[in-house]
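The values are calculated or read from the model by the stated rules, or taken from the named source; none is laboratory data. Keep in mind the model is a prediction, meaning the values are calculated, not measured. All Cβ positions, glycine included, derive from the backbone under ideal geometry; neighbour counts span all protein chains shown. Accessible surface areas use protein heavy atoms only, side chains included; no ligands, DNA or RNA. Shrake-Rupley method; radii C 1.70, N 1.55, O 1.52, S 1.80 Å.
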Amino acid sequence: MTGRLILWLTGVTVAFWLIAAGLGVAVMKDEFDEFFNGSLQETAERLMPLVLDDLARREGPPSPRHFQSEADDLGEEYLVYQVRDATGKILIRSHDAPMEPFDVPLKRGFWENGTYHFYTARAADGMTFVQVADAMDNRTEAVMEGSMALFLPVLVLIPVSILLIWLIVRRALAPVDDLREAIEEKDGGNLAPVPSSMLPRELRPIASSVNRLLNRLHAAFDAEREFTANSAHELRTPIAGALAQTQMLIAELEGPRKRRAQQIELSLANLGHTTEKLLQLARAEAGIGAGTVTVDLARVLELVVTDFERSDPGAGRLHLTREPGAALKGHYSEDAFAIVLRNLIENALLHGDEDEPVTIRLEADGVVRIVNGAAALLPDELAAVRKRFGRGATTSPGSGLGLSIAERLLQQMNAGFEVRSPARGRADGFEVVLRFKTEDAA
């Protein structure tokens with residue numbers, strides 16, 4: 001919009017300037033013609049008495065050649081003239097005037113051809129004529145110089161006007177840019193009202209409408225989060241009860257019935273795991289990633305790793321390292337970060353090589369790396385595992401939601417998310433890289 005305004009305003013301004021300059025040239029040409037014609041007439045009329053007096057004082061017939069020789073030392077003339085008798089014979093001429101009589105009639109008034117503009121003055125007796133000529137090139141040169149004086153400033157003013165128009169338009173549209181940036185920042189984790197008190201009167205209705213929409217979205221998200229929390233409790237309780245009853249039944253059965261009960265136990269455990277992932281996905285879609293207070297995610301990282309080490313038998317493979325001075329402080333959600341870590345560490349333990357450790361490294365520039373041993377994935381497989389329910393070529397159990405849940409939450413936290421295979425500095429392995437903009441880094 002700024003570019004179009006600058007283009008149109010500059011185009012209209014330049015067009016008006018050119019039209020005004022063109023009209024000025026036309027008026028100037030008419031004024032020049034009047035001035036030159038007046039000069040021709042005044043010169044001819046003033047020459048007439050002088051010429052008549054000169055002719056009266058001369059003895060013998062006048063000789064134009066003799067007059068020419070007397071005027072050889074004069075410079076170039078702007079006006080030339082010839083004095084002619086009633087027969088057209090040249091009596092006197094200026095030194096730059098042609099040797100032949102002017103090809104104009106011996107009549108009082110103005111006349112012109114392709115080379116000169118003439119004025120003829122007639123003596124009272126009608127026997128002597130003074131014809132003064134002004135070269136058309138002189139008039140053309142004057143008009144051209146005047147035109148250049150009008151058009152050259154326009155060429156200088158065009159870039160200056162573009163700059164001034166750009167500055168004025170940018171300043172006038174600054175509130176529009178502020179409103180646009182404020183609206184762009186809104187997402188599921190940032191539903192704060194758009195400030196409208198400093199906006200111009202024309203933009204305040206837009207800000208008010210956006211704020212009303214944000215209020216409705218905020219209420220909808222709150223209802224969705226409340227539903228998710230209630231659903232989590234309602235779903236976990238019956239599944240956990242059925243799983244406990246099944247385990248008790250297994251202890252009482254023998255033979256084939258016990259094996260069938262164990263299959264039921266496995267199915268209930270998988271159902272509980274899948275339900276937990278779906279509830280995490282629902283929470284991620286509800287927008288829990290953004291936070292309003294400054295938190296230390298490094299502490300959350302240590303707590304999650306400690307919890308895995310206590311509850312998961314295979315978590316002895318976890319190796320957590322932290323560079324000196326490394327921190328993850330910022331406006332984030334601790335709950336969302338914990339969900340991200342649980343999914344990524346669980347994937348690394350479940351799908352990684354059981355004989356290799358899972359390394360978790362917190363670096364000083366706000367980067368978290370999780371690396372596990374595994375066969376290198378092809379680019380197509382690497383893209384597939386990032387999609388929902390994408391599992392790749394693996395026989396390990398799982399729902400295929402872990403990476404998609406983590407990526408969704410990290411988007412809400414404005415954190416970078418990369419998956420690599422092979423891992424950095426290795427020919428194999430799988431690496432997940434999280435990049436946070438911490439307050440220390442800012």
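Details
- With the charge dipole of the chain set up from +1 on Lys and Arg Cβ and -1 on Asp and Glu Cβ about the Cα centre, the Cα lying farthest toward the positive end among the listed residues I264, Y81, L214 is that of I264.
- One decimal place: the segment E323-M148 gains 55.8 nm when fully extended, by the rule 0.36 nm per residue minus the C-alpha distance.
- Using θ = phi - 60° and Karplus 6.51 cos²θ - 1.76 cosθ + 1.60, couplings along segment 101-116 (whole Hz; Gly, Pro as x): x, 4, 7, 9, x, 7, 10, 5, x, 8, 7, 8, 10, x, 10, 10
- Once both labels are positioned 7 Å from their Cα atoms along Cα-to-Cβ, the gap between A219 and M127 label points is 11.5 nm.
- Distance cut-off 16 Å, percentage of C-alpha pairs in segment 191-303 lying past it: 74
- Restricting the calculation to Cα atoms, the chain shows an Rg/Rh of 1.53 when the hydrodynamic-style radius is the Kirkwood one.
- Here each label is just a point 7 Å from Cα along the line to Cβ, and for N230 and R108 those points are 11.4 nm apart.
- In this structure, R386 and D428 have a Cβ-Cβ separation that, at R0 = 22 Å, corresponds to a calculated FRET efficiency of about 0.70.
- R171 paired with E334, simple spin-label distance in nm, labels 7 Å along Cα-to-beta-carbon: 5.0
- Peptides 87-100, 295-308 ranked from most to least packed by the mean count of surrounding Cβ atoms within 10 Å: 295-308, 87-100.
- Modelled FRET efficiency - R0 60 Å, A251 with E356, Cβ distances, 0.05 increments: 0.95
- Per residue accessible area in Å² of the chain, where ligands, DNA and RNA are left out and the probe is 1.4 Å: 58
- Accessible surface of the chain [probe 1.4 Å, protein heavy atoms]: carbon and sulfur percent: 58
- Using a Förster distance of 25 Å, the FRET efficiency for A192-D365 (Cβ separation, nearest 0.05): 0.30
- Potential extension, A269-L50 segment - 0.36 nm per residue separation minus Cα distance: 65.9 nm
- Principal-axis tilt of helix 297-311 within the chain, Cα atoms, nearest 10 degrees: 30
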